[in-house]
Every structure is written in structure tokens, then in C-alpha cells.
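Trainee: Take this structure first; my questions come after.
The values are calculated or read from the model by the stated rules, or taken from the named source; none is laboratory data. No experiment lies behind these values; they were computed from the predicted model shown. Note: ideal-geometry Cβ built from the backbone for every residue, glycine included; neighbour counts use all protein chains shown. Note: areas computed on protein heavy atoms with side chains; ligands, DNA, RNA excluded. Shrake-Rupley method; radii C 1.70, N 1.55, O 1.52, S 1.80 Å.
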Amino acid sequence: MSADTQKKAAAEFALKMVVNGATVGLGTGSTANYFIEAAAAKAKRDKLDTKFVPTSQATYALAQKLGMNLVTIEDAPFIDATVDGCDEFDGSFRLIKGGGGALHREKIVGSSSKFMITICDASKKVETLGAFPLPIEVSKFGVNATAWKIERALVHLGYKDAKMSIRVTKQGMPFITESGNPIIDIRLGKITNAEQLDGILNNTPGVIETGLFIGICGVVIMGTDKGVVELTRA
Ligand code: 5RP
């Protein structure tokens, strides 16, 4: 079964969160897009009064095109469930997100939700986080100074072979998030101390958001070759 088929199956499984009267956060990325399409169809077919909170302009545009009832997080700060993709997850429901650059808004929306549900294909499950480069959203002002501070912190934490790069677009231009900030991607290989790393990064002046989602996701719905698996944090 292809990764896309697994993503779609996971997205459809998560449709149980789309119920009358609920407020549902919509993630960003290819897996989230499958959920948005299925959720729009369900809300329309069952004439549901469900409100949806988008996490990016791309998600907003797709959901609006599909006629979904959209509200902002300002209008709906208490969200029932957010359904979003991930770049990696481990056995402790810790995630790396931000491959698509929407980490800041995804974290605000996900952490404002009673349930944050990650939908993904089987390739996203890892023993140890870190093969996927960890995105760090930073202030444009002083970006090189912040990069230097991060590099020093990584050495201090024992990541001597870490490689850092400021993200660029396919056209080679600096990638800027919807909040107006650059992203530094850090290749760590294996993240052996995710909580400590996240704490230190969050305390580094210039860091706006890390792509580590710790203690936020409670449910993972993963498509596999053998069907959909639902994992719930204890
Ligand atoms: C965007 C994200 C995405 O959820 C993540 O990159 C997964 O994307 P996809 O569903 O396309 O594999 O964090 O910032």
C-alpha cells in the first residue's frame, strides 16, 4: 500500500472527530489535506454544524474552496480536536513537525485542543526522533546570532556532528513562514534528550518555535499495509 493510500486511510479514520457542534483544528500538509477533503464532504453530507480552525493559508484556501465553516483561533480559542500530520513520531507521542513550515500556528492550534490527533503513514513512526531535520522558527532579526547560539547549545548537549542550515525555497530564496520568520533546520541524527533540547532551544533568544511537539499529541492514527492503527497515550 502506498504512503498516500495509508495517509488517506488514516485521514478517513479520524473523521469520527467531525461531529455536530464541535470545533475542529485543521493541520497543514498532504495528510491533513486528505482529512480536510473528507471532513468537508462529511460536514456537507450530514449537514453538520461543525466549525473548523485552519493552521495555514494553504489549509484555509482548501477548506474555503470546499465550503467549510471556518473560524479563527481568536474566535474559537478552545478547540475540541485538531487533526494534523507529522514528520516523525516516537513511542512517547513526541513529534517532529514543521516540514511544511507551519509549526508555529500548528503548535498554537494543537495545544489549544482537548485532543491533538496525528494522522500519518507508517514511515513516520520512529524508534528515536531526529532522522528528520528538526525545524526551528527564529526571528529574522539576528538570525545568524541565533544560529550561533543554537550551535553552541547543541555542542554543549553533545550533538557534536549536528548540521544546521537556514531553509530556502525550491527557487533558492530564503523560506519565510506565514508569521514572517526564517526557519533553521537542524540535522541531529538521533535526539536522545528531546525534553532537555526543547527546553534549551525555547530559552534561546531569537527562537520563536521549535518543531518538537512534546506532551501535545494524545492520539496517533497511522495507516499501515495491514490497515489503520490507532494509538492512544496513557
Ligand atoms: C507542516 C507539517 C506537516 O504536518 C508535516 O510536514 C507532514 O506533512 P505530510 O502530511 O505532507 O507528510 O508539520 O508544517
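Trainee: First measure r as the distance between the Cβ atoms of Lys42 and Ser92, then evaluate 1/(1 + (r/R0)^6) with R0 = 35 Å and state the FRET efficiency to the nearest 0.05.
Mentor: 0.65
Trainee: State the three equivalent ellipsoid semi-axes of the chain, derived from the C-alpha gyration tensor as the square roots of 5 times its eigenvalues, in descending order and whole Å.
Mentor: Its equivalent ellipsoid spans semi-axes of 30, 20, 15 Å.
Trainee: Ok, one more. Suppose only helical runs count, i.e. DSSP H with n ≥ 4. What mean residue ellipticity at 222 nm does that imply for the chain under -39500 (n - 2.57) per run, divided by all residues and rounded to the nearest 500 deg cm²/dmol?
Mentor: Theoretical 222 nm ellipticity from helices: -9000 deg cm²/dmol.
Trainee: Share of the chain's accessible area from carbon and sulfur, percent, 1.4 Å? Mind dumping the intermediate values first?
Mentor: Values: 6070 of 11210 Å².
That share works out to 54 percent.
Trainee: Heavy atoms only, 1.4 Å probe, whole protein assembly: order Leu70, Leu212 by accessible area, highest first.
Mentor: Working: Leu70 45, Leu212 0 Å².
The ranking, largest first, comes out as Leu70, Leu212.
Trainee: Considering only DSSP beta bridges whose two residues both sit in the stretch 75-131, what percent are antiparallel, to the nearest 5? Don't jump to the answer; show the numbers that get you there.
Mentor: Working: 2 of 8 bridges.
Antiparallel bridges: around 25 percent, rounded to the nearest 5.
Trainee: Once you mark the GluC sites (Glu not before Pro) that are in a DSSP loop and have at most 16 other Cβ atoms within 10 Å, what is the longest gap between them in the chain?
Mentor: For GluC sites (Glu not before Pro) (loop position, at most 16 other Cβ atoms within 10 Å), the longest site-free span of the chain is 1-73.
Trainee: Find the centroid of the Cα atoms in the stretch 152-178 and in the stretch 26-40, then give the distance between the two in whole Å.
Mentor: The stretch 152-178 and the stretch 26-40 have Cα centres separated by 28 Å.
Trainee: Under 15 Å from a label point 7 Å along Cα→Cβ of Trp148: give me every residue in the stretch 175-215 with its amide N that close.
Mentor: Hits in the stretch 175-215 for Trp148 at 15 Å: 205-206.
Trainee: Another question, then. Can you pull out the chymotrypsin sites (Phe, Trp or Tyr not before Pro) in the stretch 90-152 whose DSSP state is coil and whose Cβ has at most 10 other Cβ atoms within 10 Å?
Mentor: Qualifying residues, ordered by number: Phe141.
Trainee: Sticking with this one: Which order do peptides 94-100, 40-46 fall in by mean Cβ count within 10 Å, highest first?
Mentor: So the order, starting with the most tightly packed, is 94-100, 40-46.
Trainee: Restricting to the chain, compute how many DSSP beta bridges are antiparallel as a %, nearest 5.
Mentor: About 55 percent, rounded to the nearest 5.
Trainee: Same structure, new question: Rolling a 1.4 Å sphere over the protein heavy atoms, what is the accessible area per residue of the chain, to the nearest Å²?
Mentor: 48
Trainee: For Lys51, which lysines qualify as cross-link partners when the Cα separation must be under 21 Å and same-chain residues fewer than eight apart are set aside?
Mentor: Cα-Cα hits under 21 Å: Lys16, Lys42, Lys65, Lys107, Lys114.
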